[in-house]
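For reference, the structure I am asking about is given below.
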Amino acid sequence: MFSNKLMRRQAGFAYLMLVPGCILLLAFTFYPIFRGLPLAFTDYSVVDTTHWTGWANFKRAFADGNFGLALQHSLFYLIVVPVLQILSILMAILVNNKLRFITFFRVAYFVPVVTSMVAAAIAWKWVYEEQGILNYFLLKFGILDQPVSFMVETRLALYGVMFVTIWKGLGYYMMIYLAGLQSIPSELQEAARIDGANWWRTIWHITIPLLMPFVLLCSLLSMMGAIQVFDEVFVMHGPLGDPAYTTLTTSIYSYKVAFQDFEFGYAATLGLLVSLIVMVLSIFMFRYTRKGGLTYYE
């Protein structure tokens, strides 16, 4: 009786702690979505009359070459997801060992996470400059014969932004995977080693399957962040995705349409289409990564 009463009190306290977060979620996520959906079917104007346009904005989006280019770049940007997850898992496995100065390495890996994205993007913009530190070392070690304009070179500009995203997110996902690794019973890995499994087979057949719930979470977060990338592109290449629209993404294009062209209805349409794409990709991830976790071996 006492146990049931205590459990109810603990559950009530837990739900009470969720209230502030739920209020913020309703105010800054669900309410804007609720208000933004009708805008996708209008030519909304702040100073003039708003007219219902039906599916006109969607037809325009499908015929918009710039939106198609931005969507192509955003989908290509998803390359960072597997790279980021693989490197984060390897780093988590590394710092999960009892080594000297391991606390220092954990903190060092996490420093980029707490660094402002604007500050990080500005710093990396300096690194990529023709007279920047990257060209200095490449020339010093004989890798290049002449400096490369990484910020201007159309073949390299988007990859440079991708690297900043990976550098910034590694520590964040590493900490999530580290928490996952520390929740795995050590007996399972010890049993695998006793049965003759080497380090790689233990990681592949024991650690990775048990980490799948964390892989799903981190993959979803990084996928949503990648397809909606904005800050690093905006700071490093401006609101047009220069050079020559090479780094133009859906978020950058939606920003341009909304706050430079003042076509808020069309911008809402673009945001809705990107949200639908994210939803489809999320369903795909849930479908193919849902098996795993501590119940995997039960």
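How far, in nm, would the chain grow between residue 260 and residue 107 when pulled straight, counting 0.36 nm per residue and subtracting the alpha carbon separation?
51.0 nm
If amide hydrogens are placed 1.01 Å from N in the peptide plane, which non-local residues have theirs closer than 5 Å to the one on residue 42?
The list, which skips near neighbours in sequence, is 53.
Here's something else I'd like to know. Principal axis extents for segment 68-297, Cα atoms only, whole Å, descending order, please.
63, 49, 27
Also: Label segment 70-186 by shape, choosing from rounded, prolate and oblate, from the square roots a ≥ b ≥ c of the eigenvalues of the Cα gyration tensor; if a/c is under 1.5 it is rounded, and otherwise prolate applies when a/b is larger than b/c, oblate when it is not.
Prolate, since a/c reaches 1.5 and a/b exceeds b/c.
Would you mind telling me the share, in percent, of accessible area of the chain contributed by carbon and sulfur at probe 1.4 angstrom?
Whole-percent figure for carbon plus sulfur exposure: 68.
Tell me which residues come under 5 Å, amide H to amide H, from residue 50 once H is placed; ignore anything under 5 positions away on its chain.
Distant-sequence amide H within range of residue 50: 45.
Could you work out which residue, out of 251, 222, 186, moves most in a Gaussian network model of the chain, that is, has the largest mean-square fluctuation with Cα springs under 10 Å?
186
Suppose every Lys and Arg Cβ carries +1 and every Asp and Glu Cβ carries -1, with no other charges. What dipole size does segment 68-297 come out with about its Cα centre, to the nearest 20 debye?
So the dipole magnitude of segment 68-297 works out to roughly 720 debye.
Give, in nm to one decimal, the length gained when the segment between residue 140 and residue 280 is fully stretched (0.36 nm per residue of separation minus the Cα-Cα distance). Write out the running numbers ahead of the final one.
Numbers: separation 140, 0.36 × 140 = 50.40 nm, distance 4.69 nm.
Length gained between residue 140 and residue 280: 45.7 nm.
Ok, one more. Connecting C-alpha atoms closer than 10 Å in a GNM of the chain, tell me which of 31, 173, 77 has the biggest fluctuation.
31
Along segment 17-28, what does the Karplus equation 6.51 cos²θ - 1.76 cosθ + 1.60 (θ = phi - 60°) give for ³J(HN,Hα), rounded to whole Hz, x for Gly and Pro?
Taking θ as phi minus 60°, the curve returns 5, 7, 4, x, x, 5, 5, 5, 5, 5, 6, 10 Hz for segment 17-28.
Sticking with this one: Once every DSSP H run of n ≥ 4 in the chain is given -39500 (n - 2.57) and the sum is divided by its residues, what mean residue ellipticity at 222 nm do you get, rounded to the nearest 500 deg cm²/dmol? Intermediate results must be reported in sequence, preceding the final value.
On the way: 15 runs with 200 residues, N = 298.
One gets -21500 deg cm²/dmol as the mean residue ellipticity at 222 nm.
Next up: Please give me the summed charge of the neighbours of residue 136: other residues whose Cβ is under 12 Å from its Cβ, Lys and Arg +1, Asp and Glu -1.
-1
Classify segment 1-103: rounded, prolate or oblate, from the alpha-carbon gyration tensor (a ≥ b ≥ c, eigenvalue square roots; a/c under 1.5 rounded; otherwise prolate if a/b is larger than b/c)?
oblate
Right, something else. With the cut-off at 1.5 for a/c, could you classify segment 106-151 from its C-alpha gyration tensor as rounded, prolate or oblate? Don't jump to the answer; show the numbers that get you there.
Numbers: a/c = 4.64, a/b = 1.91, b/c = 2.42.
Note, shape of segment 106-151 comes out oblate.
Nearest 0.05, what FRET efficiency do residue 48 and residue 26 give at R0 = 30 Å with Cβ-Cβ as r?
After rounding to 0.05, the efficiency reads 0.50.
Which value in Å does the Kirkwood hydrodynamic radius of segment 127-212 take, with 1/r averaged over all unlike C-alpha pairs and then inverted?
Across segment 127-212, the inverse of the average 1/r is 16.5 Å.
In cubic angstrom, how much convex hull volume per residue do the alpha carbon atoms of segment 170-233 span?
So the per-residue hull volume is 88 Å³.
Quick one: check the C-alpha center-to-center distance for segment 62-138 versus segment 1-51, whole angstrom.
31 Å
If you don't mind, another one. Report the accessible area of residue 263, computed with a 1.4 Å probe over the heavy atoms of all protein chains in place, in Å² rounded to the nearest 10.
Near enough 60 Å² of accessible area.
Still on this structure, I have one more. Mind checking which of 85, 6, 132 is farthest towards the positive end of segment 1-157's charge dipole, using Cβ charges of +1 (Lys, Arg) and -1 (Asp, Glu) about the Cα centre?
6
Averaged per residue, what accessible surface does the chain expose to a 1.4 Å probe, in Å²?
62 Å²
The values are calculated or read from the model by the stated rules, or taken from the named source; none is laboratory data. What you see is a predicted model; the values in this text were computed from it and never measured. Note: ideal-geometry Cβ built from the backbone for every residue, glycine included; neighbour counts use all protein chains shown. We work out accessible area using only protein heavy atoms, side chains counted, and drop any ligands, DNA or RNA first. Shrake-Rupley method; radii C 1.70, N 1.55, O 1.52, S 1.80 Å.
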